[in-house]
1. Based on the Cβ-Cβ distance of B:Gln40 and A:Ser139, what FRET efficiency does E = 1/(1 + (r/R0)^6) give at R0 = 60 Å, to the nearest 0.05?
2. I'd like the orientation of helix B:139-154 relative to chain B: the angle between its Cα long axis and the longest Cα principal axis, in ° from 0 to 90, rounded to 10.
3. Going by the rotation axis that takes chain B to chain A, pick out the residue of B with the closest C-beta and quote the gap in whole Å.
4. Report, to the nearest 10°, how far helix A:275-285 tilts away from the longest principal axis of the Cα atoms in chain A, using its own Cα long axis and a range of 0 to 90°.
5. Can you list, shortest first in nanometers, how far A:Thr60 lies from the same residue in the other copies, with each label 7 Å from Cα toward Cβ?
6. Keeping every protein chain in place, order B:Thr273, A:Thr228, B:Thr240 by accessible area at 1.4 Å, biggest value first, i.e. largest first.
7. Taking the Cα atoms only, what angle lies between the long axis of helix A:24-43 and the longest principal axis of chain A, rounded to 10 degrees?
8. Ignoring ligands, DNA and RNA, how much accessible area is buried between chains B and A, both sides summed, with a 1.4 Å probe, to the nearest 100 Å²?
2 protein chains.
Amino acid sequence: MNDVAEDILLARAYLSRVAEPASVPLWSFVREHGPLEAAQRLRAGDAPQPVLAVTSARRTSADGQADLDAARRGGIRLVVPESDDWPGLAFGALERNCVNRASEPGPAPPLALWVRGNGDLATVGQRAAAIVGARAATSYGEQVASELAYGLALRGVTIVSGGAYGIDAAAHRAALGADAATLIVSAGGLDRPYPQGNAAIFERAEAQGLVVSESPPGTAPHRHRFLTRNRLIAALSTATVVVEAAIRSGALNTAAHCVSQGRPLLVVPGPVTSGMSAGCHALLRREDYQALLVESVDDILAVVGSAGEGLDQTASLVAPDRLREALDQVDVTARRVFDGLPAHAEISVERLAERCGIGVRDVVRAVPALALAGLVERSEDGVRIHPAMRQTRR
Amino acid sequence: MNDVAEDILLARAYLSRVAEPASVPLWSFVREHGPLEAAQRLRAGDAPQPVLAVTSARRTSADGQADLDAARRGGIRLVVPESDDWPGLAFGALERNCVNRASEPGPAPPLALWVRGNGDLATVGQRAAAIVGARAATSYGEQVASELAYGLALRGVTIVSGGAYGIDAAAHRAALGADAATLIVSAGGLDRPYPQGNAAIFERAEAQGLVVSESPPGTAPHRHRFLTRNRLIAALSTATVVVEAAIRSGALNTAAHCVSQGRPLLVVPGPVTSGMSAGCHALLRREDYQALLVESVDDILAVVGSAGEGLDQTASLVAPDRLREALDQVDVTARRVFDGLPAHAEISVERLAERCGIGVRDVVRAVPALALAGLVERSEDGVRIHPAMRQTRR
């Protein structure tokens, strides 16, 4: 299964145990010297002071082999940056924030990921949306999370979340209900699903998708690990959708990671009478976050990928060659415009621009190409999907 | 009661009848020649073709004296630009849009306003908020409209709306329930409250505030008059708050007028599962509108005026000299910051900046002055209202 030399796995297992996740000094040290030399020098106490400081508690006691053995007994594998299925692109922003921001670097990319399940970690994030929110979600929040996750999963989008109660669970469950992959990013060791009450969701996620964690088996899900875990949820997703969040919700932390990684932050509004939407509204009001208000699956699809891209990945929804050929004739912007069209109704160019999140002028420019490719037809009040393309699309 | 010469009133009454409201050619003609000459020349058919075109139906039959007599019998007075209580500032943006935008002028300011009630039209708009929305409002929308209108009315803000069912009615009722003034801008003649089912609200609004219309007595509330009426709701308000609106709601038309007049547009979000909030979300997504998401009375107060300004106008809430003196010591920005503080809780500078809608840096700069004036005290996690100022404030 694994394509990486055992000594590298062993070194990475040791490094994964030796400091808490997201440590910039340790990550930089490994980046400079490679995992083998870094592990060797750490064990010998031969490292710069900041690295020794963050590893002092476990530097001599950590046992990579024991962790690897325990993992294998539990069906857990270690995926490392040297692996074929390491999702390197997902962590590009974290890397840049460490390397380029000398004054305030971090948090660091992961040194390795412990993984359980049948999916392929490298492809999961190509078209993935995090759906996160309050544990103490309302029925409104759970309903919206379920509908969004189900609709996205049907369109080939992997649903990423933290496996917690409330919004997380509703999102994972709906994706699983759509017979689609879902990705749980756990804060503790994978041998102890947390919370226990969601153990069935973890099991099904392993069967249909993946459960990952930065922490070696046996690690308890402490609070600070949730906060560093949240950066991975954002990193492994094309965009993060916050469905419900109180004013001090952990989901706001995930949202901050999403923004600092330069990913689109999407936010579902709710009743102003609900404290569980107050955090969402606070996000929408932050000018520096440039969060997009989303209401529907289509709103999110307009951001995480076009219909043309998605169709390739969704076996059950593969379109007839005709639609794919037509989409191949138009450019990315036009595909995005096409993706923003409602299933049946006509739509004004202005409204379509809103739905796609691009300028009216760009929509106007895209329409002739879409019409020429037979994808849309123009009507008195705007455009609509060409009837011949309609039934094959959703 | 009226300070204007009878011949001018008569000319304006005729002009008010002779064309539909918001006619740019007629307004420009009156602006150029004054009401007396304009009325005289129109009756004689001596006017440019565009003016003759918009007045052809009623130019010879209109009877200003009959309208004035009918109005007086019904307790209705005519307020004209020559009157002391003409709200000239409110219509500045409409005037500029007519005069400066040669290619696409309009809609025009009103030529005159028919008014019933005890309030003073000139002062009403100094601190006024329009609260508008769907006629087919949900209980959520009516609850939010009521709470916002009640809270604003208690703080001395005049609630402006259209007297319709749903959000309008909830807003007017709540303002009246706070024993405050409210302003109904009606689409038809004031002798026929529309809708009839809200006649009791019109009566109470006349007793505690004002009902105004551009249309002479006897005019039916046709659809196009609602659309031109909406520009007056926006014009007579410091800001417009949309509480609930379907995707084709008339409230979106009021919102568009608000924006084109350069006024702040405030929007209350709601459940994405509710069609009655879909229009609100569409407004929030329009980048060109720069709408502000609002959740509370304080959010709106931060836009329509500071506590210090409001206290002068609200007899029942006049603060002790101490608070007013303290507020006199700080500048406008600091007053706005003070107004954004929650009644009791402490608040972080970041959150406070959000609530006030100003930059964090400006809040940080304002806090020392506020503390020096004894208005706030700094705490570990931010600032709060000084206890001595707290009880006197709300």
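1. Working: r = 68 Å, r/R0 = 1.13.
Between B:Gln40 and A:Ser139 the formula returns 0.30.
2. So the helix axis and the longest Cα principal axis differ by about 80 degrees.
3. Here the value is B:Pro269, 2.
4. 80 degrees
5. 11.2
6. Values: B:Thr273 70, A:Thr228 30, B:Thr240 0 Å².
Largest to smallest exposure gives the sequence B:Thr273, A:Thr228, B:Thr240.
7. The angle comes out near 40 degrees.
8. Working: alone 16890 and 16920 Å², together 31830 Å².
Interface between B and A: roughly 2000 Å².
The values are calculated or read from the model by the stated rules, or taken from the named source; none is laboratory data. Nothing here was measured: the structure is a model prediction, and the numbers come from that model. A quick note on method: Cβ atoms are made from the backbone with ideal geometry, for glycine too, and the neighbour counts reach across all protein chains shown. These accessible areas exclude ligands, DNA and RNA; they are computed on the full protein's heavy atoms, side chains included. Shrake-Rupley method; radii C 1.70, N 1.55, O 1.52, S 1.80 Å.
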